[in-house]
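One structure below.
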(Lines give C-alpha, C1' and ligand atoms only; values in the text may rest on other atoms or scores of the structure.)
Protein backbone atom coordinates (compact mmCIF):
# COMPACT_ATOMS: atom_id res chain seq x y z
CA UNK A 1 0.00 0.00 0.00
CA UNK A 2 2.73 2.46 0.91
CA UNK A 3 5.41 0.92 -1.29
CA UNK A 4 7.21 2.85 -3.97
CA UNK A 5 6.34 2.04 -7.55
CA UNK A 6 7.37 3.52 -10.84
CA UNK A 7 3.99 5.25 -11.24
CA UNK A 8 4.21 6.92 -7.83
CA UNK A 9 7.76 8.08 -8.49
CA UNK A 10 6.72 9.47 -11.85
CA UNK A 11 3.80 11.39 -10.32
CA UNK A 12 6.10 12.70 -7.58
CA UNK A 13 8.64 13.89 -10.18
CA UNK A 14 5.89 15.64 -12.15
CA UNK A 15 4.55 17.37 -9.03
CA UNK A 16 8.03 18.51 -8.03
CA UNK A 17 8.67 19.79 -11.57
CA UNK A 18 5.40 21.74 -11.66
CA UNK A 19 6.13 23.32 -8.28
CA UNK A 20 9.74 24.13 -9.27
CA UNK A 21 8.87 25.79 -12.58
CA UNK A 22 5.84 27.53 -11.06
CA UNK A 23 8.01 28.98 -8.32
CA UNK A 24 10.56 30.21 -10.86
CA UNK A 25 7.77 31.83 -12.91
CA UNK A 26 6.30 33.58 -9.86
CA UNK A 27 9.75 34.79 -8.79
CA UNK A 28 10.42 36.20 -12.27
CA UNK A 29 7.07 37.97 -12.24
CA UNK A 30 7.84 39.46 -8.82
CA UNK A 31 11.21 40.72 -10.03
CA UNK A 32 9.60 42.28 -13.10
CA UNK A 33 7.06 44.07 -10.90
CA UNK A 34 9.83 45.32 -8.63
CA UNK A 35 11.78 46.64 -11.62
CA UNK A 36 8.68 48.41 -12.91
CA UNK A 37 8.01 49.92 -9.48
CA UNK A 38 11.60 51.10 -9.09
CA UNK A 39 11.42 52.81 -12.49
CA UNK A 40 8.32 54.69 -11.38
CA UNK A 41 5.80 52.93 -13.61
CA UNK A 42 2.81 52.23 -11.45
CA UNK A 43 0.06 49.81 -12.41
CA UNK A 44 -2.31 52.66 -13.40
CA UNK A 45 0.14 54.56 -15.61
CA UNK A 46 -0.04 53.50 -19.22
CA UNK A 47 2.58 55.54 -21.00
CA UNK A 48 5.34 58.03 -20.77
CA UNK A 49 2.96 60.86 -20.02
CA UNK A 50 3.00 63.21 -17.10
CA UNK A 51 1.05 60.78 -14.89
CA UNK A 52 -2.04 61.79 -13.00
CA UNK A 53 -5.54 61.76 -14.47
CA UNK A 54 -4.40 62.29 -18.04
CA UNK A 55 -2.79 58.83 -18.16
CA UNK A 56 -5.74 56.98 -16.61
CA UNK A 57 -8.02 54.85 -18.70
CA UNK A 58 -11.26 56.50 -19.88
CA UNK A 59 -13.26 53.79 -18.12
CA UNK A 60 -11.90 54.82 -14.70
CA UNK A 61 -14.41 56.56 -12.44
CA UNK A 62 -13.30 58.60 -9.44
CA UNK A 63 -15.44 58.04 -6.35
CA UNK A 64 -16.05 60.34 -3.38
CA UNK A 65 -17.44 59.20 -0.03
CA UNK A 66 -20.76 60.82 0.89
CA UNK A 67 -20.38 62.07 4.49
CA UNK A 68 -24.08 61.60 5.27
CA UNK A 69 -24.73 58.08 3.98
CA UNK A 70 -21.19 56.73 3.84
CA UNK A 71 -21.76 55.54 0.25
CA UNK A 72 -19.26 56.16 -2.51
CA UNK A 73 -20.61 58.18 -5.42
CA UNK A 74 -18.96 59.08 -8.74
CA UNK A 75 -17.54 62.55 -9.13
CA UNK A 76 -18.48 64.78 -12.04
CA UNK A 77 -15.90 65.01 -14.77
CA UNK A 78 -15.03 68.39 -16.22
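Of all residues in the range 36-52 being loosely packed, with under 10 Cβ neighbours inside 10 Å and assigned to a helix (DSSP H, G or I), which is modelled with the highest pLDDT? So, considering only residues that are loosely packed, with under 10 Cβ neighbours inside 10 Å and assigned to a helix (DSSP H, G or I), the one modelled with the highest pLDDT is 38.
Looking across 33, 10, one residue alone is part of a helix (DSSP H, G or I), modelled with pLDDT under 90 and surrounded by 10 or more Cβ atoms within 10 Å (Cβ to Cβ). It is 33. For residue 17, state whether it is out of contact with any helix residue (DSSP H, G or I) (no Cβ under 8 Å at 6 or more places or on another chain), surrounded by fewer than 10 Cβ atoms within 10 Å (Cβ to Cβ) and modelled with pLDDT of 90 or more. No; evaluated as a whole, the condition is false for this residue.
The values are calculated or read from the model by the stated rules, or taken from the named source; none is laboratory data. Computed from a predicted structure; not experimentally measured. Cβ: placed from backbone, ideal geometry, glycine included. Neighbour counts: every protein chain shown.
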